[in-house]
Structures are given as C-alpha cells and as structure tokens.
1. State all residues of segment 281-319 that are closer than 22 Å to residue 369 by Cβ, in a loop (DSSP other than H, G, I, E, B) and under 27 Å from the mean Cα position of the chain (by Cα); if no residue qualifies, say none.
2. Here is a check on your reading of the model: is residue 132 assigned to a strand (DSSP E or B) and either under 22 Å from residue 186 (Cβ atoms) or not assigned by TED's automatic domain parsing to the domain that holds residue 181 (or both)?
3. Suppose we keep only residues that are under 27 Å from the mean Cα position of the chain (by Cα) and not polar (S, T, N, Q) within segment 139-161. Which one would you say is farthest from residue 198 (Cα to Cα)?
4. Could you please tell me which pairs satisfy a Cβ distance under 6 Å, a separation of 6+ or placement on different chains, a first residue in segment 268-294 that is assigned by TED's automatic domain parsing to the domain that holds residue 313 and more than 15 Å from residue 348 (Cα to Cα), and a second residue that is surrounded by fewer than 19 Cβ atoms within 10 Å (Cβ to Cβ) and β-branched (Val, Ile, Thr)?
5. List pairs: first in segment 190-219 and among the hydroxyl-bearing types (Ser, Thr, Tyr), second loosely packed, with under 14 Cβ neighbours inside 10 Å and not in a helix (DSSP H, G or I), Cβ under 6 Å, 6+ apart or cross-chain?
6. Please indicate, with yes or no, whether at least one residue in segment 154-164 is surrounded by 12 or more Cβ atoms within 10 Å (Cβ to Cβ), aliphatic (A, V, I, L, M), within 27 Å of residue 88 (Cα to Cα) and in contact (Cβ under 8 Å) with a residue 12 or more places away in the chain.
7. Kindly list the number of the only condition in (1) acidic (Asp, Glu); (2) in contact (Cβ under 8 Å) with a residue 40 or more places away in the chain; (3) touching a Ser or Thr at 6+ places or on another chain (Cβ under 9 Å) that fails for residue 306.
8. Looking only at residues in segment 358-377 that are of a type outside the set (A, V, I, L, M, F, W, C) and under 26 Å from the mean Cα position of the chain (by Cα), which one is nearest to residue 343 (Cα to Cα)?
Amino acid sequence: MIQLATASKLIRFSIHLLLLSGGFYSIGFSQVIAPQPFSLQGTLSTVRQGKVYLLSQDKTPIDSTELVDNRFSFRGQLAEPGLHLLQVANDEMTYPVFLEGTSMRFTLNKDQTYQVTGSSLHTQWDAYENKFLGSARDKLIRLFSEKSNAQQKGDSILVDKLRRQNDTLSVAIGREMLDWVTRKPYTFFNVYLLQQRSFSDEFIANRLSELRPQFSNYPSFQSLEQGLKVRKQMLEKVAPNQVAHAFSLPDSSGKSYSLASLMNKAVLVDFWASWCGPCIQQMPALKALQAAFGPKGLTIIGVSIDDNRQHWLRALRRLQPAGIQLLASKNEEIKQQYALFSIPRTYLLTQDGKIVALNLEGEALTKKVAELLEQQR
C-alpha cells in the first residue's frame, strides 16, 4: 500500500518555521508550547565567502547570515524542534540539521562531511537516517541490482533466492522502524517519526496516547491528533451503506463518464496510479474478477490519480487493466470524498450506488461480489 499525503500533512501549518522576530506564535491549536530559543554556531574548514542560508525541509528560505572568517551564527526561536537544511553560499549541496531549543555547533569539513554537536535530537536523527536507513537502502539496492542481473541471465533459481532475501530484509527493516518509533525514553524524535512514516490510524492513536503526557502541547502532536479526527470524519462518508460520491471523469480519449452512467448490478471502483507497485500487483486479480463476474453484471471502474497523463496512458497500454479506465489526476474533491489516504483503494458498490465494502482482496472480494450479484438476481 502506498501512503499519500495524509490529512495531518494537509493541515500542517509550517510548524517548524523559525520565529526569528521573536513574535507570538499560534497555529490555531489551543495551548501550544512556548517558542524555544536556539543558537547555531558554524565553522567551515575551507575558505568561503558569501552567506549561509537556513532552509526548511522543502528548501524554502527561512533566514541567512554572512560568513565572517569562515564562521557564521544563527539565533532565534523555534515553534518546536524540527529538521532544517543549511546551504553554504550558492552550493547545490545542503546539510540537514535537526534544530532544537539549545546551543548547537555545526562543523563542515574539507571533504564535505559535517558534524553537529549540542543537539541530542540531531544525534538521534543521524543514527536513524544515515546509519539505519542508509545501510538498509544500500542492502536493498544491492539486492535489486543482483536480482536484475540474474533476471537478465535467466537464472530463475537465483532470482527466487534474491527475492526471498529481499522480502526477509524488508520485514526486518519494518520491524526496526517500529522499534525506532516506540523506543524509550520518549523524545520529540518519536513524534517526528510518526509524521514521517506511514502508519495506521490505530497505531498513531496508540502512540499519541503514550506520548501525550510529554508532547500534547507541541504543534506536531496536535497536528497528528487533528489529522486523526479529519480522517475519521472522511471515513464516515465512505462507510458501508453510505452512497458513493458522484463523479464525472474522462477516459483516455477524453470522453467523460459519470458514475451513474456506469452503474451495474455490482460496481468495483479501483483507485490506482502508474507509480504504485501494490496497485499494479493486484491488477491480474482484478482481471480474473472481471472475467468471472463481468458477464453476470459486474463493472470495474479504474480511477487513476496520476498527475502526468502521459504516464497514465503508457501504463494503460502496458498493463491493460480491467474495466473502464478514467483519470482523476489532480481532482482533490475525489481524493477527499473517497478518503484516499493510500492506494490501492477499492470500493464495492450496489447498483443504486451504496457502498458495500472497502479494500476487500482475494477470496473475500470474490465472495462478496458473488453474494452481491446473487442478491440482484
């Protein structure tokens, strides 16, 4: 399953922005933590001139300061701790720094490596991002390369072996990620990881319950909590027996189809995208479902959320997915009304447009479709 921008991310109000002016801070939540003063002193090992820029994670400029004798300094207030980027002069390279309300030092070496001291949160981030995730990425890339070479040579035995190794490694990485999120003693880094990774609402709710005594007045915590409320409200709209949201979308030729015009004894609406591996993996099962139940009154409607129409068209030619295929692209209303937090996402509908089930797979989906069609006889 591929996680999309979650509701908590959609409503996040740049909560890591620095309040360099020292002004009052509020993001619409009650009782947020007071701004935290910080300082960051930097030293460069090579002679440089110009400015050093402090950026947000998306590289939006926040502040800048002049280099003086290869040194620089930032001072200000943080709404809460968070990951930021440093950019020296006009270099393309940026250096992640996890800022918190304390005095920190940044040292850039001649070989472009760097150290940050004075921030326990940066130490945690570095261990997670560079030591754990970096090592995991290297192993997965190596296995992918070896598997590709084996496939080119037609060595099916080695391909299967490497695939099993990849699966085992992926499970181990997932377990290690969960360990990081739940690791004690709790720090703000636990909250940060909840925002950065894809977890179920139940898991997030349980984690927030654990973290509440320490972090309930932090903007990120409140954003996660608000996100749960928003998603719950959205999911209520697509619960069983609710009427599916009406839409009208174009097919590959540009002709528009409404949901009402495609209603049948049973309708399966499948939300997917050309870049979604799990979506593609379930396509053979949907083709089999179409072959088995299409003649009996099942209609499958594929709705792609691809932003790039050409990528979608190429995927249609390559994959030949089941049913009629429509493009939602940047239709935010569709994403909101169908609670598209992740894909693939499927909705099984009755002939009058009521939702019967969400995200059924395999035998459970086959059985439910058969039952629905039998009721419509």
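1. Within segment 281-319, 282 is the sole residue that qualifies.
2. Against the criterion (assigned to a strand (DSSP E or B) and either under 22 Å from residue 186 (Cβ atoms) or not assigned by TED's automatic domain parsing to the domain that holds residue 181 (or both)), residue 132 does not qualify.
3. So the residue we want is 147.
4. 276/2
5. 198/3
6. No, there is no match, as no residue in segment 154-164 is surrounded by 12 or more Cβ atoms within 10 Å (Cβ to Cβ), aliphatic (A, V, I, L, M), within 27 Å of residue 88 (Cα to Cα) and in contact (Cβ under 8 Å) with a residue 12 or more places away in the chain.
7. (2)
8. Going through the qualifying residues, I end up with 359.
The values are calculated or read from the model by the stated rules, or taken from the named source; none is laboratory data. Predicted model only: the values in this text are computed from it and were never measured. Counting neighbours? That spans all protein chains shown, and the Cβs are built from the backbone with ideal geometry, glycine included.
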